[in-house]
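**Q** Okay, handing you the structure first.
The values are calculated or read from the model by the stated rules, or taken from the named source; none is laboratory data. None of the values given here were measured: they were computed from a predicted structure. Please note: Cβ atoms are built from the backbone with ideal geometry, for glycine as well, and neighbour counts cover all protein chains shown. Heavy atoms of the whole protein, side chains included, go into the accessibility calculation; ligands, DNA and RNA do not. Shrake-Rupley method; radii C 1.70, N 1.55, O 1.52, S 1.80 Å.
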Amino acid sequence: MSPVADVIAAFMFGTLVGILVQRSRFCNVAALRDAMLFRSYRSTKALLVGMMIMTFLFTLGETFGIGHPVQFDSGLNTVIGLFLFGIGMVMAGACTVGTWVRVGEGNIGALWALIFTFVGMFAFSMLYSVIHWPPAYGLMDHKVHLRSLQFGFANARTLQDETGIPAVVFGLIQVGVLALFYRAILRREARQKAAATGGSAPVGEEGGCH
Amino acid sequence: MLGFSGRYPKRSAAASEAALGGGSGVRGGSAAVPQIGPIKALFSKTLNPVIALMIIAVADGFLFIIVGAWTVGGGETAMTGFLGKAIFGNAILHRFPYWGKVFPLDPLYWKIYISFGMLFGAFVGALLSGEFYLRLPRHLGEWTMITIGGLLMGIGIRLAFICNISTFFAVTTEMNLAGYLAVSGILAGAWVGTQIYKKALGV
């Protein structure tokens, strides 16, 4: 499709996400933080359900070579980057989606977080002049390079190409694993409810960064 | 932190949010927006996030076919580049090889428009449900946490090439190796962040 059509599709998708996230108060920070801190799983369950559906759809697409899977390589930078991101999003109380949605609700604190996300990105672009790591997207060759701490590229499609087993089969295994997590949460919630009606322990509070 | 105490009376007392006192602010005059029919139903009560994510996941399937899965960090990086260009000028920006070599700027980069869409959608949602009003964090501690948090998110995204949304909803769901590395990183980071959050709250 043309770049303009891509832009229109992206904007329409973004608008839908903005409305749904604003109305549902889904929050990725709450999905992790509240599960760890308050044993409250309102957003965690949504995260898992979203992942299950997407895993099925994307691996189905990969099976038939339809769609645009992410193509960049993995490396130690992936782990360190998301580690820093994880600390940052809990400290700020909002992730990338959360900040945009809350700016839309009139939250000046979210706008401040967004501005400093930009500042952090610009600071990294300056630092890159010195460290030259991780390797630029265009230089990634999908191979393992231990000297630059790059672990190469693999996804459901490469598994299909290597094993001959359709990518969607691996996808369904992942859906099954995610479903087990979901079931474990439902059981825990049932126990919390039973304990609460028994009068001994409070129900995990409705968390959420909203 | 971006807490929102006092906005949703139905919520149980969330000590976490109240302690940091987010949600303070000036109520604008936008609360009294007329609502009609099915729109009223959508905008008068909170939607179950599981339903919301089901709809988003199916829509994301279409976006995956058209251009690629839902992501935010890439669009924000492009915006950073354009802002840098506007503030410092093209010559200074291109002293940093990052902007030519790693991240060439393109105004029609589709990821930028997901972010604009989310902003627009959230604004519409908040306006129609009467939840749009200006909110300011009250305490210096909150501003500090938000500032450091924002910086860490920005640095983290550029180091990893992906944000939390690509981690959970694109890379892991495509069963990319980077996704599993990213999930382990973000879980460890969120745990450390939670410890800081606990200290800040005194939970």
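**Q** Does B:Y133 meet the test of being touching a Lys or Arg at 6+ places or on another chain (Cβ under 7 Å), within 7 Å of another protein chain (Cβ to nearest Cβ) and open to solvent by 10 Å² or more (accessible area, probe 1.4 Å)?
**A** On the way: touching a Lys or Arg at 6+ places or on another chain (Cβ under 7 Å): yes; within 7 Å of another protein chain (Cβ to nearest Cβ): yes; open to solvent by 10 Å² or more (accessible area, probe 1.4 Å): yes.
So B:Y133 fits the description; yes.
Results for (1) more than 15 Å from A:I185 (Cα to Cα); (2) in contact (Cβ under 8 Å) with a residue 60 or more places away in the chain, shown as yes or no for each residue.
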site: A:S2; (1), (2): yes, no
site: A:I8; (1), (2): yes, no
site: A:G14; (1), (2): yes, no
site: A:V17; (1), (2): yes, yes
site: A:V21; (1), (2): yes, yes
site: A:S24; (1), (2): yes, no
site: A:V29; (1), (2): yes, yes
site: A:D34; (1), (2): no, yes
site: A:S40; (1), (2): no, yes
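**Q** Which condition breaks for A:L84 when tested against (1) open to solvent by 30 Å² or more (accessible area, probe 1.4 Å); (2) not acidic (D, E); (3) not in a helix (DSSP H, G or I)?
**A** Here A:L84 clears every test but (3).
**Q** Any residue at all in the range A:46-55 that is without any contact (Cβ under 8 Å) to a residue 24 or more places away in the chain, under 24 Å from B:V58 (Cα atoms) and surrounded by fewer than 24 Cβ atoms within 10 Å (Cβ to Cβ)?
**A** yes
**Q** Is it the case that A:I80 is at the interface with chain B (Cβ under 7 Å from one of its Cβ atoms), farther than 29 Å from B:I65 by Cα and within 19 Å of the chain's Cα centre (by Cα)? Explain how you work it out, then say what you get.
**A** Working: at the interface with chain B (Cβ under 7 Å from one of its Cβ atoms): yes; farther than 29 Å from B:I65 by Cα: yes; within 19 Å of the chain's Cα centre (by Cα): yes.
Yes: the conditions hold for A:I80.
**Q** Related question: For the range A:121-158, which residues satisfy the criterion of being hydroxyl-bearing (S, T, Y) and either in a helix (DSSP H, G or I) or buried (at least 19 other Cβ atoms within 10 Å of the Cβ) (or both)?
**A** Scanning the range A:121-158 gives A:S125, A:Y128, A:S129, A:Y137, A:T158.
**Q** Go through (1) more than 7 Å from every other protein chain (Cβ to nearest Cβ); (2) under 17 Å from the mean Cα position of the chain (by Cα) for B:K40 and report which single condition fails.
**A** B:K40 satisfies all of (1) more than 7 Å from every other protein chain (Cβ to nearest Cβ); (2) under 17 Å from the mean Cα position of the chain (by Cα) except (2).
**Q** Return yes or no: is B:D60 under 28 Å from A:F64 (Cα atoms) and either of a type outside the set (S, T, Y) or open to solvent by less than 20 Å² (accessible area, probe 1.4 Å) (or both)?
**A** yes
**Q** What are the residues in the range A:1-33 that are closer than 15 Å to A:G50 by Cα and of a type in the set (S, T, Y), if any?
**A** Once the filter is applied, which keeps residues that are closer than 15 Å to A:G50 by Cα and of a type in the set (S, T, Y), the range A:1-33 yields only A:S24.
**Q** While we're looking at this one, here's another question. Return the residue satisfying two criteria in turn: it lies in the range A:180-207 and is under 20 Å from the mean Cα position of the chain (by Cα) and surrounded by 14 or more Cβ atoms within 10 Å (Cβ to Cβ), and of such residues it is modelled with the lowest pLDDT.
**A** A:G207
**Q** I'd like to verify a number: residues in the range A:9-39 that are farther than 19 Å from B:S166 by Cα and surrounded by fewer than 23 Cβ atoms within 10 Å (Cβ to Cβ), how many?
**A** 5
**Q** Check A:A94, A:A113 and return the single one that is crowded, with 24+ Cβ neighbours inside 10 Å and part of a loop (DSSP other than H, G, I, E, B).
**A** None of the others qualify; the one that does is A:A94.
**Q** Sticking with this structure for a sec: Restricting to the range A:11-48, what's the tally of residues that are within 7 Å of chain B (Cβ to nearest Cβ) and either in contact with a Lys or Arg (Cβ under 7 Å, 6 or more places away or on another chain) or outside any helix (DSSP H, G or I) (or both)?
**A** Summing the residues that are within 7 Å of chain B (Cβ to nearest Cβ) and either in contact with a Lys or Arg (Cβ under 7 Å, 6 or more places away or on another chain) or outside any helix (DSSP H, G or I) (or both) in the range A:11-48 gives 3.
**Q** In addition: The conditions are (1) more than 7 Å from chain A (Cβ to nearest Cβ); (2) under 20 Å from B:E174 (Cα atoms); (3) open to solvent by 70 Å² or more (accessible area, probe 1.4 Å), and B:H94 fails exactly one of them. Which is it?
**A** Evaluating B:H94 over (1) more than 7 Å from chain A (Cβ to nearest Cβ); (2) under 20 Å from B:E174 (Cα atoms); (3) open to solvent by 70 Å² or more (accessible area, probe 1.4 Å) leaves (2) as the failure.
**Q** Checking B:A31 against (1) at pLDDT 95 or above; (2) surrounded by fewer than 22 Cβ atoms within 10 Å (Cβ to Cβ); (3) of a type in the set (A, V, I, L, M), only one condition comes out false. Which one?
**A** (1)
**Q** Need the failing condition index for B:I65 against (1) at pLDDT 95 or above; (2) crowded, with 19+ Cβ neighbours inside 10 Å; (3) not small (G, A, S), just the number.
**A** (2)
**Q** Also, quick follow-up: Name the pairs: first residue in the range B:50-61 and in a helix (DSSP H, G or I), second residue open to solvent by less than 70 Å² (accessible area, probe 1.4 Å) and aromatic (F, W, Y), Cβ to Cβ under 7 Å, at least 6 apart or on different chains?
**A** Listed pairs, sorted by first residue: B:A52/A:F26; B:L53/A:F26; B:A59/A:F13; B:D60/B:W70; B:D60/B:F169.
**Q** Tally up the residues in the range A:147-181 that are closer than 18 Å to A:A46 by Cα and facing chain B (nearest Cβ under 10 Å), please.
**A** So the count comes out to 3.
**Q** Go through the range B:162-203 and report how many residues are closer than 25 Å to A:L159 by Cα, over 16 Å from the mean Cα position of the chain (by Cα) and not polar (S, T, N, Q).
**A** Count: 11.
**Q** Contact list please: Cβ distance under 9 Å, first residue in the range A:106-119 and within 15 Å of A:M91 (Cα to Cα), second residue acidic (D, E), pairs at least six apart or on different chains.
**A** A:G109/B:E142; A:L114/B:E76; A:T117/B:E76
**Q** Out of all the residues in the range A:56-76, which are assigned to a helix (DSSP H, G or I), of a type in the set (S, T, N, Q) and open to solvent by 10 Å² or more (accessible area, probe 1.4 Å)? Spell out how you get there, then give the answer.
**A** Of the range A:56-76, the ones assigned to a helix (DSSP H, G or I) are A:56-63, A:76.
Now drop any that are not of a type in the set (S, T, N, Q), which leaves A:59, A:63.
Matches in the range A:56-76: A:T63 only.
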